1. What number of residues within segment 29-65 satisfy the criterion of being assigned to a loop (DSSP other than H, G, I, E, B) and either touching a Gly at 6+ places or on another chain (Cβ under 9 Å) or within 20 Å of ALA19 (Cα to Cα) (or both)?
2. I'd like to verify a number: residues in segment 1-58 that are of a type in the set (Asp, Glu) and buried (at least 18 other Cβ atoms within 10 Å of the Cβ), how many?
Amino acid sequence: MHELSIAVSLIEAVEEEAAKHKGTVEAVHLKLGAMSGVVKDALCFGFEVAREGTSLAAARLIVEETGGREVEVTGLEIIDD
């Protein structure tokens, strides 16, 4: 299941970006293309597993499905600490 490794990489990238904003990530917005080769349900499950014990432990993954090939973070919801 390569979706788990994608989820781990996603979390690492989001944590790095969130550290610049000194807040808590509430949600990660992602565009996921139907032709990307990534299974949405597997990615969501991988995200839930991979986020445990990280600063994203309570964050939600919000996926917008598209017809393309992209797997792209389009936004973060960050609350000031």
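No lab work stands behind these numbers, since they all come straight from the coordinates. Please read all numbers here as calculations on a predicted model, not as lab measurements. As a convention, Cβ positions derive from the backbone with ideal geometry for all residues, glycine included, and neighbour counts pool all protein chains shown.
1. So the count comes out to 11.
2. Number of matching residues: 1.
A quick yes/no check of all residues on (1) in contact (Cβ under 8 Å) with a residue 60 or more places away in the chain; (2) of a type in the set (Ser, Thr, Tyr); (3) touching a Leu at 6+ places or on another chain (Cβ under 9 Å):
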{"site": "LYS20", "(1), (2), (3)": "no, no, no"}
{"site": "GLY46", "(1), (2), (3)": "no, no, yes"}
{"site": "SER55", "(1), (2), (3)": "no, yes, no"}
{"site": "ILE78", "(1), (2), (3)": "yes, no, no"}
